[in-house]
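Reviewing the structure listed below.
Nothing in this text is a laboratory measurement; each read-out follows from the coordinates by a stated rule. Model, not experiment: these values are computed from the prediction. All Cβ positions, even for glycine, are placed from backbone atoms using ideal geometry, and neighbour counts span all protein chains on display.
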Amino acid sequence: MLHQHHQQQHHHHLQSAITAAPPPSATTSTPPSSTTGEAPPKQVALAMDRLGQAARLIADIRLGADRLLEALFVASQPHQSSKPLHLFRQEDESMRQHLQDLRTVGKQLEESGVLNESLRSRSNSWGLHMPLVCPDGAVVAYAWKRQLAGQAGASAVDRTRLALKAFTDQKRRFFPHLDDEEDGEGTDTASKKHRNLPALAEDNQDNLSDCKTLSDVLTNMEKEIPNLKVSTYERLDWLKRASSLPASANDNTMEAPKHNFHGTSMLRPALQNVASMDKVAVIELFFPSIFRAVVSLHPAGSTDPDSVAFFSPDEGGSYMHSRGSSVYHVFRQITEHATVALQYFLGIRSKTALHSLLHWICSYQTLFTKVCNKCGRLLAMDRQSALILPPVHRPYRTLSVSKHSSTQSISSTLDQGSNAPEAYHIGCFSDNT
Amino acid sequence: MSVVYCHIFRRLISYNPYRKKSTTMPLKRVFFWQPNAGSTVNSQILNEVSQCVESINGVKEGRWKATLTFYKPMLRDQALSAEFPREFIGISLPEQPNKYYFVLRFNKIVLESDSSIQLIMEKLQSYKSRVALNFEGFQYQLGDFQLRVGKVVPSHSENLRGIVMEVEYLPISSLEKSKQIMEEFFDIWQDAISKRSLPGRFIHIEPDFSDYGLADHYTSQHTAVQYTHVTSQLIASVQAVQTGRN
């Protein structure tokens, strides 16, 4: 949207300026309210409102530019009265007004943190995030997406949890002397601290505590799952890499080392990773010759996944990102299933959603070898799509019960032995599992 | 003289067995039709096979054609022919229109070269085509699978000598990881085709790719090797039928 704004401004400058006195700036939007005095849902609503206003203003500007051009064209015809000049002046006035309004709205949006990430540190009140306009122009209204996509059951749980949190916060504020025992769940401020100090705390490594940083999660993954290659990227870096894929089989060893996540194994690169962990927005999980999964984090550096997609290990191109779609049916089906699983993980246990998601993704390493638990075959013709597919469903609900068990048992369930996670064809999968 | 030919030939192809870097392709199995004892292959069988593919939701896409040529060296002195490889085969594949593949079956060598090599060979008069076969037919899409069904005919005749089928699984290229998938697909295929009670069956014999220096990642060189083996099987079965008749 900002890109269009600049385009129109440029357009405006190209025309001969008949300098009319700039009209008094009557702003059409509500005066900027102090963000501290308002509850986050209202902030989000306001921000979405303003984005809508900005879009309308931009549309008005485009129309105005058209009218200006029209006036100029008419003026260039012979035998004209002063009518075009009048029209031109009128349009000029209203254009300037629109641009002024747009600037105002833009400032408001900036202040409320929509166009940049300045609000990240204070965005976590009540678990809602401000909508973000990404560098490529996409608007990510994270909170809305969650609310719309989450199942009704999940949002009730969310509301209860939020209410409990609000009460606990109030209690702590007004009755500190009563604040003896801490809830094991961990508080917002505690988890925020952990997120902003990406310390590789030793005690976090061996249990599924809720306060896990991004680097903890990834170190954990690397330790538990041998075939997996985890890499992290900033968002634009990932697009570059995606366009350069597929690397031929021989080139795997020549990947840029700074993108490989080495965790605590090497000291200096670990420090480098710690510094850039704040900007990590894309996680790539690569099982050579089996699949490549792309997970996007929002905001960057957090442990909040917001989308996931699966691709063939031999695929490449700029369409390979966490909201993209593989050219192969099998990976498209898995991506669909994964999107539902992601919403489930976020809805039920959003603090460990990333950890659960990544582990669940890794259960697909048996995609081409594990037979369906229901029919006992690897390939089956799916009635609905008339395609022959391997079992693309891996249940995700069962992972949530292992919240309090140690990582030991989780890694054993992912072994190829008798405890291997279940797999089902689309047609064999029933929601009762 | 023969040394000169070999030398020129090698230079033209720039053969280096330690650098088999070919583009990875989705993996493929080539099957050939083995008629039952006492029966032969005919175009009715070909029609039934095509219908069977369509019955498992295969969507016909277009035609395909591959060629396979047996070469013999052009020698003044025929006695020298023993020094030359016994079976020297050239293959062109539809998925690689700019390439031409050479296989020396008994020496276990496979080469990928530019398709202009055929013109060069002709100009040099170094090797002559002894027998040429065409594999041609229709291509079908079944989701992530691609099937090709084709007849085998000598290049200048319409005599049906055999039927081949290619089964390709597009999403991956690792031979090892895809083994089960391919086997199960063939089971599904067998279920479908056995309902038609045809006098024969499709067979796949996996060549030992490592003998040829080929890796787990599938390439068109693997396909060339498969075609070589399939052809020798076809010839053997045709000869067996002829011997049976005599």
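Among the GluC sites (Glu not before Pro) in segment B:139-241, those located in a DSSP loop and surrounded by at most 16 other Cβ atoms within 10 Å of their own Cβ are B:Glu158.
A straight chain from A:Cys375 to A:Ser82 at 0.36 nm per residue would run longer than the Cα-Cα distance by 97.2 nm. Between the amide H of B:Phe202 and those of B:Gln34, distances stay under 5 Å, these residues lying 5 or more places away or on another chain, with hydrogens modeled in the peptide plane.
Computed extension length for B:Asn47-B:Arg86: 10.5 nm, one decimal, from 0.36 nm per residue of separation with the Cα-Cα distance subtracted. Between B:Met74 and B:Asp211, what is the FRET efficiency for a Förster distance of 30 Å, r being their Cβ-Cβ separation, to the nearest 0.05? Efficiency, from the Cβ-Cβ distance: 0.55. Just report the Cα centroid separation between segment B:117-139 and segment B:190-246, whole Å. Taking the Cα centre of each part, segment B:117-139 and segment B:190-246 sit 21 Å apart. Here the dipole of chain B is about 800 debye; that uses its Cα centre as origin and unit charges on the Cβ of Lys and Arg (positive) and Asp and Glu (negative). Note on A:375-388: average number of Cβ atoms from other chains within 10 Å of each residue's Cβ is 4.
Inter-chain Cβ neighbour count for B:168-181, averaged per residue, equals 6 (cutoff 10 Å, partner chain atoms only).
Each residue in A:Leu68, A:Leu354, B:Leu160 was given a count of other beta-carbon atoms within 10 angstrom of its own, and listing them fewest first yields B:Leu160, A:Leu68, A:Leu354. Between the Cα long axis of helix B:2-13 and the first principal axis of chain B there is an angle of about 60°, rounded to the nearest 10.
So if R0 is 56 Å, what FRET efficiency would A:Arg56 and A:Ser244 give, r being the distance between their Cβ atoms, rounded to the nearest 0.05? It comes to 0.90.
The order of the peptides B:44-52, B:192-200, A:53-61, B:145-153 by mean Cβ neighbours within 10 Å, most packed first, is B:145-153, A:53-61, B:44-52, B:192-200. Legend: mean number of C-beta atoms from other chains within 10 angstrom of residue C-beta atoms, peptide B:214-224, equals 1. Does segment B:92-246 come out rounded, prolate or oblate, given a ≥ b ≥ c as the square roots of the eigenvalues of its C-alpha gyration tensor, rounded meaning a/c under 1.5 and, failing that, prolate meaning a/b above b/c? Cα axes put segment B:92-246 in the oblate bin. Projecting label points 7 angstrom from Cα along Cα→Cβ for A:Lys171 and A:Glu336 puts them 4.6 nm apart.
For the cross-link pairs B:Lys60/B:Lys123; A:Lys42/A:Lys171; B:Lys108/B:Lys128; A:Lys107/A:Lys165, the ones whose C-alpha atoms lie over 30 Å apart are B:Lys60/B:Lys123; A:Lys107/A:Lys165. Protection proxy ranking, highest mean first, for peptides A:159-172, A:276-289, B:26-39, B:205-218: A:276-289, B:26-39, B:205-218, A:159-172, where packing is the per-residue count of other beta-carbon atoms within 10 Å, averaged. Rounding to the nearest 10 and keeping the result within 0 to 90°, find how far the Cα-based axis of helix B:175-194 lies from the longest principal axis of chain B. It works out to around 50 degrees. In this Cβ point-charge picture (+1 for Lys and Arg, -1 for Asp and Glu), segment A:57-110 has a dipole of about 80 debye about its Cα centre. Packing around the peptides B:71-83, B:100-112, taken as the average count of other Cβ atoms within 10 Å per residue, puts them in this order, highest first: B:100-112, B:71-83. Note on B:Ile235 and B:Ser39: their simple-model spin labels are 2.7 nm apart, each label 7 Å out from Cα toward Cβ.
Placing dummy labels 7 Å off each Cα toward the beta-carbon, the span from B:Gln141 to B:Gln242 is 4.2 nm. Counting only Cβ charges, +1 for Lys and Arg and -1 for Asp and Glu, the dipole size of segment A:323-381 around its Cα centre is about 80 debye. A straight chain from B:Ile203 to B:His156 at 0.36 nm per residue would run longer than the Cα-Cα distance by 14.3 nm.
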